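> Submitted below is the structure of interest, expressed as structure tokens.
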Amino acid sequence: MSTSNEEPAVALVPITATNFRPVIALELEPDQRSFVATNVYSIAQSKVEPWWETFAIEAGGELVGFVMFGLDPDDGIHWICRLMIDKNFQRRGYGRVAMQTVLADLDSRNGCDEIRISFAPENHNARTLYESLGFEDPDLIIDGEVVLVRQIPSLDR
Ligand SMILES: CC(C)(COP(=O)(O)OP(=O)(O)OC[C@H]1O[C@@H](n2cnc3c(N)ncnc32)[C@H](O)[C@@H]1OP(=O)(O)O)[C@@H](O)C(=O)NCCC(=O)NCCS
């Protein structure tokens, strides 16, 4: 999956034996680390919960982040459950374009009429980003996290 035009060129690439080590070495600022599970945890989780799809985020030929999403069989809802951009690559538009790429993929899937995302209440940057991408706040808290919802009108597909 990839995007182009005036936005930064960002590609989502599978986790492989080649990029696994650099992916788990990606870092956040210390005050961001509580906002998202480590990449090694997420990749391990996706092995035992194989409905989670994991991708490295590449930009300009460099590995810059990680994202995990999928259809949770427990509730039948598509969740984007992890997103991180390495501290050295933040604020360049990569997180936004990676999200747009994931949303375009999920929007096109049969049976995906709603996408949910959750984050820590104090993570104001995540909220601003997600609301700018069409997520709305139904005033739902799950496991202490704010849940935002993006409805996909069936007429659009
Ligand atoms: C949230 C995160 C993924 C954003 O990635 P990014 O590549 O830096 O974001 P972008 O450059 O694409 O910016 C997208 C928007 O996010 C918001 N944002 C991101 N970082 C911000 C910051 N430091 N201050 C203010 N707004 C910020 C802004 O709304 C920004 O839009 P703008 O540039 O038009 O102002 C990144 O900061 C991150 O990895 N944070 C730690 C982990 C996390 O919180 N993940 C999300 C919850 S699971």
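The values are calculated or read from the model by the stated rules, or taken from the named source; none is laboratory data. Predicted model only: the values in this text are computed from it and were never measured. Cβ coordinates were reconstructed from backbone atoms using ideal geometry, including for glycine residues, and neighbour counts include every protein chain displayed.
> Looking at Leu26, Leu83, Leu71, Leu12 in this structure, which one is hydrophobic (A, V, I, L, M, F, W, C), surrounded by 12 or more Cβ atoms within 10 Å (Cβ to Cβ) and in contact with a Cys (Cβ under 8 Å, 6 or more places away or on another chain)? Steps first, please.
On the way: Leu26 fails: in contact with a Cys (Cβ under 8 Å, 6 or more places away or on another chain); Leu83 fails: in contact with a Cys (Cβ under 8 Å, 6 or more places away or on another chain); Leu12 fails: in contact with a Cys (Cβ under 8 Å, 6 or more places away or on another chain).
None of the others qualify; the one that does is Leu71.
> OK, next. Taking the residues in segment 121-145 that are within 18 Å of Met68 (Cβ to Cβ) and among the aliphatic types (A, V, I, L, M) as candidates, determine which candidate is farthest from the ligand (Cβ to nearest atom).
Going through the qualifying residues, I end up with Ile142.
> Take the residues in segment 91-101 that are free of Cβ contacts under 8 Å to residues at least 40 places away in the same chain and buried (at least 17 other Cβ atoms within 10 Å of the Cβ); name whichever of them is farthest from the ligand (Cβ to nearest atom).
Selected residue: Met99.
> If Glu53 passes every condition in (1) touching a Gly at 6+ places or on another chain (Cβ under 8 Å); (2) outside any strand (DSSP E or B); (3) among the charged types (D, E, K, R) but one, which one does it miss?
All conditions are met except number (2).
> Would you confirm whether any residue within segment 99-122 is of a type in the set (Lys, Arg) and under 25 Å from Leu63 (Cα atoms)?
No: segment 99-122 contains no residue that is of a type in the set (Lys, Arg) and under 25 Å from Leu63 (Cα atoms).
> Now for a separate question. Go through segment 102-120 and give me each residue that's within 9 Å of the ligand (Cβ to nearest atom) and assigned to a loop (DSSP other than H, G, I, E, B).
Within segment 102-120, just Ala120 meets the criteria.
> Is it the case that some residue within segment 121-141 is in a strand (DSSP E or B), surrounded by fewer than 13 Cβ atoms within 10 Å (Cβ to Cβ), at pLDDT 95 or above and β-branched (Val, Ile, Thr)?
Yes - at least one qualifying residue is present in segment 121-141.
> For a quick check of your reading of the model, give me the residue pairs whose first member lies in segment 13-25 and is touching a residue at least 40 places away in the same chain (Cβ under 8 Å) and over 10 Å from Leu63 (Cβ atoms), whose second is β-branched (Val, Ile, Thr) and in a helix (DSSP H, G or I), with beta-carbon atoms closer than 8 Å and at least 6 apart or on different chains.
Ile15/Val23; Ile15/Ile43
> Looking at Glu6, Glu53, Glu62, which is the one that is out of contact with any strand residue (DSSP E or B) (no Cβ under 7 Å at 6 or more places or on another chain), surrounded by fewer than 19 Cβ atoms within 10 Å (Cβ to Cβ) and at pLDDT 95 or above?
Of the residues listed, the single one that is out of contact with any strand residue (DSSP E or B) (no Cβ under 7 Å at 6 or more places or on another chain), surrounded by fewer than 19 Cβ atoms within 10 Å (Cβ to Cβ) and at pLDDT 95 or above is Glu62.
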